[in-house]
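The values are calculated or read from the model by the stated rules, or taken from the named source; none is laboratory data. The shown structure was predicted, so the numbers you read here are calculated from the model rather than taken from an experiment. Neighbour counts are summed over all protein chains in view; Cβ atoms, including those assigned to glycine, are modelled from backbone coordinates with ideal geometry.
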Amino acid sequence: DAGITQSPRHKVTETGTPVTLRCHQTENHRYMYWYRQDPGHGLRLIHYSYGVKDTDKGEVSDGYSVSRSKTEDFLLTLESATSSQTSVYFCAISEGARTNEKLFFGSGTQLSVL
Amino acid sequence: RKEVEQDPGPFNVPEGATVAFNCTYSNSASQSFFWYRQDCRKEPKLLMSVYSSGNEDGRFTAQLNRASQYISLLIRDSKLSDSATYLCVVNIRGGGADGLTFGKGTHLIIQP
């Protein structure tokens, strides 16, 4: 158990509304990631963080922003949700991005944008 | 050519049989390779890393073929509990977890 908690587990929202997903870890890992998983696609990286207030874009970052004000929390925000952002979102941690690429995932958030 | 490609399956295999599937990757400079397992509606979990010399973990064997740019996963004496989707993961940039690229997965069904 990598001590990763995602909230909420499920969310239904309307197009145009802001949405924030939270990832919380208990083991003080430096690196945290947000992925989305859609049918017909592999998991795709949205944003990642390599420390407090240090974040960078992934492959599919448009329409998303992130914040990391504490080591343990990594927030993903959809400023104005669209139907194309309906997906399953996974948070992940790694023990060290350069020396250890093994990822440990949270249980996921199912987001539906109507 | 897609960066990481897997046969989606499903592979329907009787319990106790041996099953193998491959994953091809496009970037010859890739350095890190992994297999993850994902159960239905669950998060992916690391199954094993894939080393140049090949590696084995119980009933599971992973191989890397750099010349042909593919990795393989072999499962011996398959169990019902092996039913899952197996994700191939390749670091296409040669370093850093931000460079990991996931395949779409191979769906395996072990039948009693």
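General remarks:
- Residues satisfying the stated conditions in the stretch A:53-94, i.e. assigned to a loop (DSSP other than H, G, I, E, B), surrounded by 15 or more Cβ atoms within 10 Å (Cβ to Cβ) and away from chain B (no Cβ under 14 Å): A:71, A:72, A:81, A:86
- Counting the residues of the stretch B:63-105 that are hydrophobic (A, V, I, L, M, F, W, C), within 11 Å of residue B:33 (Cα to Cα) and more than 14 Å from every other protein chain (Cβ to nearest Cβ) gives 2.
- Every pair of residues 6+ apart whose Cβ atoms lie under 6 Å, when the first sits in the stretch A:19-33 and is within 14 Å of chain B (Cβ to nearest Cβ) and touching a residue at least 12 places away in the same chain (Cβ under 8 Å) while the second is assigned to a loop (DSSP other than H, G, I, E, B) and aromatic (Phe, Trp, Tyr): none
- Checking each residue in the stretch A:1-18 for being in contact (Cβ under 8 Å) with a residue 12 or more places away in the chain and not hydroxyl-bearing (Ser, Thr, Tyr) picks out A:2, A:3, A:4, A:6, A:8, A:9, A:10, A:11, A:12, A:14, A:16, A:18.
- Evaluated against (1) free of Cβ contacts under 8 Å to residues at least 24 places away in the same chain; (2) in a strand (DSSP E or B), residue B:53 falls short on exactly one condition, (2).
- Looking across the stretch B:61-99 at every residue that is touching a Leu at 6+ places or on another chain (Cβ under 7 Å) and of a type outside the set (S, T, N, Q), the one that is farthest from residue A:47 (Cα to Cα) is identified as B:82.
This table checks each residue for (1) of a type outside the set (D, E, K, R); (2) closer than 15 Å to residue B:43 by Cβ.
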{"residue": "A:7", "(1), (2)": "yes, yes"}
{"residue": "A:13", "(1), (2)": "yes, no"}
{"residue": "A:18", "(1), (2)": "yes, no"}
{"residue": "A:29", "(1), (2)": "yes, no"}
{"residue": "A:39", "(1), (2)": "yes, no"}
{"residue": "A:49", "(1), (2)": "yes, no"}
{"residue": "A:54", "(1), (2)": "no, no"}
{"residue": "A:61", "(1), (2)": "yes, no"}
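- In the stretch B:26-48, the residues that are modelled with pLDDT under 95 and hydroxyl-bearing (Ser, Thr, Tyr): B:26, B:28, B:30, B:32
- Checked against (1) touching a residue at least 24 places away in the same chain (Cβ under 8 Å); (2) touching a helix residue (DSSP H, G or I) at 6+ places or on another chain (Cβ under 7 Å); (3) within 14 Å of chain B (Cβ to nearest Cβ), residue A:108 passes all but condition (2).
- In the stretch B:37-46, the residues that are free of Cβ contacts under 8 Å to residues at least 60 places away in the same chain, within 11 Å of chain A (Cβ to nearest Cβ) and not basic (Lys, Arg): B:43, B:44, B:46
- Flag if residue B:108 is within 10 Å of the chain's Cα centre (by Cα), away from chain A (no Cβ under 11 Å), assigned to a strand (DSSP E or B) and of a type in the set (A, V, I, L, M): no
- Count of residues meeting criterion [among the β-branched types (Val, Ile, Thr) and farther than 17 Å from residue A:84 by Cβ] in the stretch A:15-63: 4
- Sub-6 Å Cβ pairs linking a first residue in the stretch B:72-88 that is under 22 Å from residue B:41 (Cα atoms) and touching a residue at least 60 places away in the same chain (Cβ under 8 Å) to a second residue that is buried (at least 19 other Cβ atoms within 10 Å of the Cβ) and basic (Lys, Arg), at least 6 apart or interchain, are B:86/B:37, ordered by first then second residue.
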